[in-house]
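The values are calculated or read from the model by the stated rules, or taken from the named source; none is laboratory data. All figures in this text were calculated on a predicted structure; none of them were measured in a lab. As a convention, Cβ positions derive from the backbone with ideal geometry for all residues, glycine included, and neighbour counts pool all protein chains shown. Ligands, DNA and RNA are stripped out before the accessible areas are found, and what is left, the full protein with its side chains, is counted by its heavy atoms. Shrake-Rupley method; radii C 1.70, N 1.55, O 1.52, S 1.80 Å.
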Amino acid sequence: MAHHIHKSIPILLLLFFIASITSCTNKEESARKLYNKALSLQQMGDDEEAAKIYMDIVDKYPETETAVEINKMLTMVSMPYTTSKLKEKYKNMAAVGESAPDFELMDDSGKKWKLSDLKGKVVFINVWSTWNPSSKSELQSIEAFSQQMKGEPFQMLRVLFRDDLDNLKKYKKTNSISTPILLDRALKVCDLFGVTGVPETFIIDKKGIIREKIVGPRDWNQPENIELVKNLLQ
């Protein structure tokens, strides 16, 4: 009898372990579904409803990776329902109308880029990922836009978000990319700029002031988007 009990203990532990993994997976899936819904609302301009959902995820699924991401994202000082503690912690986060925080990142070729070295140019920072469909939808128009700006005091930089160099190398085999791709492995720059998802674009004027923050994809071949940047080149 004791022998049978002894043999059953590892089985019970295994079943408990499987149940725990399943539970965690289900929670992660539920949190991610809500996150995607909130992100869609935010991209449509409804920050208030998006913020409510983000806070619900943190409350209901605090142990998930999604909640960890959201805790970082909710530090955006412009979003409702963020706590005063978070606002204080991130009071120096990038905001439209203020100086862009300086940073230094290496691109995928090994070249270092420092934002403050680019003063005197309009800087176009596009945060993207190889796995994100919206980022992919922007690629051709961004490349065409970059070519249009040749000869102008303009620099385009694209920052890879929650992605790695191996994925980028594979992506480049089937997609033509001429712009520098910066690697923000620790997400320090993305956190500093309050990036909530991809794609996001920041347009910085010649004096280093953030003039535009654009959440979601755009067709950069459209005249109004081209004009947006060209006005800053004058």
**Request:** Among the numbered conditions (1) in contact (Cβ under 8 Å) with a residue 60 or more places away in the chain; (2) open to solvent by less than 40 Å² (accessible area, probe 1.4 Å), tell me where Gln148 comes up short.
**Result:** (2)
**Request:** List every residue pair whose Cβ atoms lie under 7 Å apart, where the two residues are 6 or more positions apart in sequence or sit on different chains, the first residue falls within region 54-73 and is over 26 Å from Ala94 (Cβ atoms) and assigned to a loop (DSSP other than H, G, I, E, B), and the second residue, located anywhere, is modelled with pLDDT under 80 and not acidic (Asp, Glu).
**Result:** Tyr61/Ala67
**Candidate set from region 103-157 (those that are part of a loop (DSSP other than H, G, I, E, B) and of a type in the set (Ser, Thr, Tyr)); member that is nearest to Lys188 (Cα to Cα)** = Ser129
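To keep it simple, each residue is scored yes or no on (1) open to solvent by 80 Å² or more (accessible area, probe 1.4 Å); (2) among the acidic types (Asp, Glu); (3) farther than 17 Å from Gly194 by Cα; (4) modelled with pLDDT under 75.
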| position | (1), (2), (3), (4) |
| --- | --- |
| Lys37 | yes, no, yes, no |
| Gly45 | no, no, no, yes |
| Glu48 | yes, yes, no, yes |
| Asp56 | no, yes, yes, no |
| Asp59 | yes, yes, yes, yes |
| Pro62 | no, no, yes, yes |
| Thr66 | no, no, no, no |
| Ile70 | no, no, no, yes |
**Request:** Would you please name the residue that is surrounded by the fewest Cβ atoms within 10 Å (Cβ to Cβ), looking only at residues in region 116-136 that are at pLDDT below 90 and over 18 Å from Leu182 (Cα atoms)?
**Result:** Pro133
